[in-house]
Amino acid sequence: MATAEPEVTPNTPNSEEEQSDASGREIVSPEDYIKHPLQNRLYNHIQLSSNLMSGCDYSLFKDGIEPMWEDERNKRGGRWLITLSKQQRRADLDRFWLETLLCLVGEAFDDHSDDVCGAVVNVRTKGDKIAIWTTDFENKDAIVHIGRVYKDRLGVPSKVIIGYQSHADTATKSGSTTKNKFVV
């Protein structure tokens, strides 16, 4: 965790309970200068999605939620799915994944951020996928709001349609496609 000690000038209180050490210097509580861990941006220290080998995934989920359909918070949910062609890997994958992470960390979905469980990026030979997972596919207002905000944040053109699929439908699909419950 990065820390930066604040400048302390004599006779300038910086907290309600000011203390001094033996040399007369003020002792500042850690809460006054420790940065929030998210400011370290772990993203800068991991391999970019576009450099991962085919078959690899990254996932970021809320504490206590596993990135699997069977998890209690996921099993009645679904996902907004962005499918990228092989050609989009270099142009869009990393930018889309970073924006997805920022949407999650920044709770970009307003009152519906609690409905978001996490996100996954899948790097595949035929084309990559990025998905935001939600907790309840029957909560149409929340799902549609999340999809609209997400599409806007990614800068996806309005003529491009993204779809929402329930995990139940995806788990029981026959063939290579799952029917979308919602689209934006």
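No lab work stands behind these numbers, since they all come straight from the coordinates. Just so it is clear, the model here is predicted, and its values are computed rather than measured. Neighbour counts are summed over all protein chains in view; Cβ atoms, including those assigned to glycine, are modelled from backbone coordinates with ideal geometry.
Multiplying the residue separation of N44 and T177 by 0.36 nm and removing their Cα-Cα distance gives an extension gain of 44.5 nm. Here N51 and R153 are evaluated by their C-beta separation; at R0 = 22 Å the FRET efficiency comes out at 0.40. Cross-link check: pairs K126/K151; K129/K179; K126/K181; K62/K159; K62/K151 evaluated at a Cα-Cα cut-off of 26 Å; pairs beyond the cut-off: K62/K159. Straightening the chain between T170 and D94 buys 24.9 nm, computed as 0.36 nm per residue apart minus the Cα-Cα spacing. Under the combined filter of DSSP loop state and at most 12 neighbouring Cβ atoms within 10 Å, the stretch 133-184 retains none of its chymotrypsin sites (Phe, Trp or Tyr not before Pro). Taken one residue at a time, the phi angles of the stretch 67-80 give Karplus couplings (6.51, -1.76, 1.60, θ = phi - 60°) of x, 9, 4, 6, 4, 3, 7, 9, 5, 9, x, x, 8, 7 Hz. Gly and Pro are set to x.
Counted by Cβ distance under 10 Å from A108, the other residues give a net charge of -3, where Lys and Arg count +1 and Asp and Glu count -1. Shown in residue order for the stretch 153-162 are the 3J(HN,Hα) couplings computed by the Karplus curve 6.51 cos²θ - 1.76 cosθ + 1.60 at θ = phi - 60°: 5, 6, x, 6, x, 4, 6, 7, 9, 10 Hz (x for Gly and Pro).
Take every pair of alpha-carbon atoms less than 8 Å apart whose residues are at least six positions apart; their mean separation over the length of the stretch 83-175 yields a relative contact order of 27 percent. Taking amide H atoms as placed 1.01 Å from N in the peptide plane, the amide H of K181 lies under 5 Å from those of Y164, Q165, S166, each 5 or more residues away in sequence or on another chain.
Where the only charges are on Cβ atoms (+1 Lys, Arg; -1 Asp, Glu), what is the dipole of the stretch 78-184 about its Cα centre, to the nearest 20 debye? Mind showing how you got there, number by number?
Details: 16 positive and 14 negative charges, 176 e Å.
The dipole of the stretch 78-184 has a size of about 840 debye.
Each principal axis of the Cα atoms in the stretch 54-183 has its own extent, and those three values, largest first, are 35, 33, 30 angstrom. Using the average count of surrounding beta-carbon atoms within 10 Å as a protection proxy, the listed peptides 94-100, 109-115 rank, highest first, as 94-100, 109-115.
Just check the stretch 138-179 against the gyration tensor rule for me: Cα atoms, a ≥ b ≥ c as the square roots of the eigenvalues, rounded for a/c under 1.5, and otherwise prolate or oblate depending on whether a/b exceeds b/c.
Working: a/c = 3.43, a/b = 1.57, b/c = 2.19.
Cα axes put the stretch 138-179 in the oblate bin.
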